[in-house]
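S.K.: Sharing a structure below in structure tokens format, with a few things to ask.
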Amino acid sequence: MEKRLIQITLVVRTSPLMLEYNLSKRTDFVYDVNTADESGQRSYFTLIGGRSHWQFGPELLLPEWIIENKQALLSVFSSIESAELVSHFYNN
């Protein structure tokens, strides 16, 4: 069965700004994420996990504003990942 590339763009309020997060599903349990701060500097990180628990990958140099908003980002991402839409397109 051929797997489809799933890409999701989320706009999330990470105090005090609304920022865009671009996610690419690499496997069932890994997403690559990229985002830019207000000055346009891009940051890249990985989300790893499963249906009930997600965490940031082992990146060493995440900006402080991403670290400060880690729980909010994981919460938003978990709610999107649990949507049947993502799993439906990825598994069909």
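S.K.: What number of residues within segment 60-73 are touching a helix residue (DSSP H, G or I) at 6+ places or on another chain (Cβ under 9 Å), of a type outside the set (V, I, T) and free of Cβ contacts under 8 Å to residues at least 60 places away in the same chain?
M.R.: 1
S.K.: Would you mind stating whether T9 is exposed (fewer than 12 other Cβ atoms within 10 Å of the Cβ), among the β-branched types (V, I, T) and under 11 Å from the mean Cα position of the chain (by Cα)?
M.R.: yes
S.K.: Next up: Among the listed residues F29, F56, F45, which satisfies the condition of being of a type outside the set (A, V, I, L, M) and in contact with a Ser or Thr (Cβ under 8 Å, 6 or more places away or on another chain)?
M.R.: None of the other options fit; the residue is F56.
S.K.: I'd like the full set of residues that are of a type in the set (S, T, Y) and either surrounded by fewer than 11 Cβ atoms within 10 Å (Cβ to Cβ) or under 12 Å from W65 (Cα atoms) (or both), limited to segment 15-52.
M.R.: S15, T27, T35, S39, S43, S52
S.K.: Going through segment 1-39 one residue at a time, which ones are of a type in the set (G, A, S) and touching a residue at least 12 places away in the same chain (Cβ under 8 Å)?
M.R.: Within segment 1-39, S15, S24, A36 meet the criteria.
Values in this text are rule-based calculations from the coordinates and carry no lab data. Remember, predicted model here, so these are calculated numbers, not experimental data. Note that each Cβ is placed from the backbone with ideal geometry, even for glycine, and that neighbours are counted across all protein chains shown.
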